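Colleague: Have a look at this one.
The values are calculated or read from the model by the stated rules, or taken from the named source; none is laboratory data. Note that the structure is a prediction, hence the values are computed from the model and not measured. Cβ coordinates were reconstructed from backbone atoms using ideal geometry, including for glycine residues, and neighbour counts include every protein chain displayed. To get the accessible areas, we keep the full protein, side chains included, count just its heavy atoms, and leave off ligands, DNA and RNA. Shrake-Rupley method; radii C 1.70, N 1.55, O 1.52, S 1.80 Å.
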Amino acid sequence: MATFREALRAKQQLLKKWKGMPGVIGIGVGYVNGKDKKGGACIVMYTIDASAAMAKRCPSCVSVKRHRAKGHVLVPVRTIASGRCCCHPIARPTVARGAFRRRIRPVVAGYSVGYPGISGTAGLIVSQAARRAQRYLLSNNHVLNRNNSSGYTETIQPGGADGGRSGVSRIGRLYRFVRLQRNAVNYMDAALSIPTSNGLLAPRYATVGSVRGHVRRYAVGARFKKVGRTTGRVSGVVESIHTDIDVDYGSLGGLGTIRFRNQTVIRGQTAVSLAGDSGSVWLTSGNYAAAVNFAGSADGRLSIAFPVHWAMQAFGVRVARANGSRGRLAHTGQRNHPSYTQPLTPGQLKKVVTKKAAVVRRSARKKRRA
């Protein structure tokens, strides 16, 4: 029976051979039986289909040296036909049906948000300081940023696909974002919007109320819940962590398909990540923020997410609280244990490129100069 440390070592071996396995879109670690610790750890490999040709390309196990013992262990490979994974904004205008697609003031986490033409989900209300703090809305780069650049992007609620319009539906603008990189390491799809006034954002989460804070780490098998613009309130289980995965962004920002490192895959019994759910935040049973959804499988049953703690590290923020304080940082799990997600190291944080966005539209600047 393999340990998670051995499975993680085996995963690193397979990453070097990824180019020789066309059709494999992700490699992570999880449980052999997909449920609990009984069968030990394994490599979890995500593929575009379950064809016989695909099965031949994927190994059934990987041999690695035992951790703190003599000899070698065979780490099993669990193959899952996920199909391609894509980021999930929704650009088609829709009838604003569903509780989380309507206009709401003040804005709380879980509702439709975006920019003209696009709808995603308001993930979390966060702040930087403890008292009289400036509030921000945390969501995905591709939900709050028109083209992955530092240009001005208006934030509207509801999002553009749910009837939101420029000007009349404006609640703020893009403030800071993590630039997505085509030929480099990506850790997260994240951005902050700054409201036109603090009162437009309420530090609450739809159907839940107050979010107590966020967790520093979480484990394979953890059970989460979230509210998204499209799927509403859903639940899921962490299927794999430390998952390197390819995500298709299409023509958005000229990105195409880009690779993310050490992501989390969360499985639902029903769809948990459909178009419009981008930016929604997974919570623990104790109402602590855990992970940020940014993409999903074609059937929506797999949510691709990153630990919310990474966004807190990158932007220097915490969960906002109604009394003006900041949410707690819960130190759950074992430090540096491979069955848990871990904070970004200083070296990894250096690779996360954060940018500030323009304060006003370029056209407005020209008018002022005139």
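Colleague: Would you check which residues across the stretch 262-275 are within 13 Å of the chain's Cα centre (by Cα) and either buried (at least 23 other Cβ atoms within 10 Å of the Cβ) or over 22 Å from A191 (Cβ atoms) (or both) and list them?
Modeller: Q263, T264, V265, I266, V272, S273, listed by residue number.
Colleague: Name the strands (runs of 3 or more DSSP E) wholly within the stretch 208-256 that hold at least 3 residues that are open to solvent by 10 Å² or more (accessible area, probe 1.4 Å) and farther than 27 Å from T345 by Cα?
Modeller: Output list reads 232-248.
Colleague: Could you figure out which of (1) part of a strand (DSSP E or B); (2) surrounded by fewer than 12 Cβ atoms within 10 Å (Cβ to Cβ) isn't true of Y46?
Modeller: Condition (2) is where Y46 drops out.
Colleague: Considering each residue of the stretch 105-121, count those that are open to solvent by 10 Å² or more (accessible area, probe 1.4 Å), of a type in the set (G, A, S) and assigned to a strand (DSSP E or B), and give that number.
Modeller: Residues that pass the stated criteria total 0.
Colleague: Follow-up. In the stretch 137-177, how many are closer than 22 Å to A290 by Cα and in contact with a Lys or Arg (Cβ under 8 Å, 6 or more places away or on another chain)?
Modeller: Of the residues in that region, 3 qualify.
Colleague: Where the second residue is polar (S, T, N, Q) and open to solvent by less than 10 Å² (accessible area, probe 1.4 Å) and the first is over 24 Å from G213 (Cβ atoms) and assigned to a helix (DSSP H, G or I) and lies in the stretch 130-159, which pairs have Cβ atoms under 7 Å and are six or more apart or on separate chains?
Modeller: As it stands, the answer is H142/S278, since those pairs meet every condition given.
Colleague: With the checklist (1) over 18 Å from R321 (Cβ atoms); (2) in contact (Cβ under 8 Å) with a residue 12 or more places away in the chain; (3) surrounded by fewer than 23 Cβ atoms within 10 Å (Cβ to Cβ) in hand, flag the one item S197 doesn't pass.
Modeller: (2)
Colleague: Sticking with this one: When you scan the stretch 261-370 for helices (runs of 4 or more DSSP H) that lie fully inside it, which ones turn up with 3 or more residues that are among the hydrophobic types (A, V, I, L, M, F, W, C) and modelled with pLDDT of 95 or more? Show your work before the answer.
Modeller: On the way: elements: 308-315, 346-350, 362-369.
It comes to 308-315.
Colleague: Hey, another quick one. Report the residue count in the stretch 190-199 for those that are over 18 Å from G167 (Cα atoms) and either outside any loop (DSSP other than H, G, I, E, B) or in contact with a Cys (Cβ under 7 Å, 6 or more places away or on another chain) (or both).
Modeller: 2
Colleague: Go through the stretch 284-296 and count every residue that is within 16 Å of G228 (Cα to Cα) and surrounded by fewer than 24 Cβ atoms within 10 Å (Cβ to Cβ).
Modeller: 2
A quick yes/no check of all residues on (1) open to solvent by 70 Å² or more (accessible area, probe 1.4 Å); (2) β-branched (V, I, T); (3) not in a helix (DSSP H, G or I):
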residue: A2; (1), (2), (3): no, no, yes
residue: R9; (1), (2), (3): yes, no, no
residue: V29; (1), (2), (3): no, yes, yes
residue: G34; (1), (2), (3): no, no, yes
residue: A53; (1), (2), (3): no, no, no
residue: P59; (1), (2), (3): no, no, yes
residue: S63; (1), (2), (3): no, no, yes
residue: A69; (1), (2), (3): no, no, yes
residue: V75; (1), (2), (3): no, yes, yes
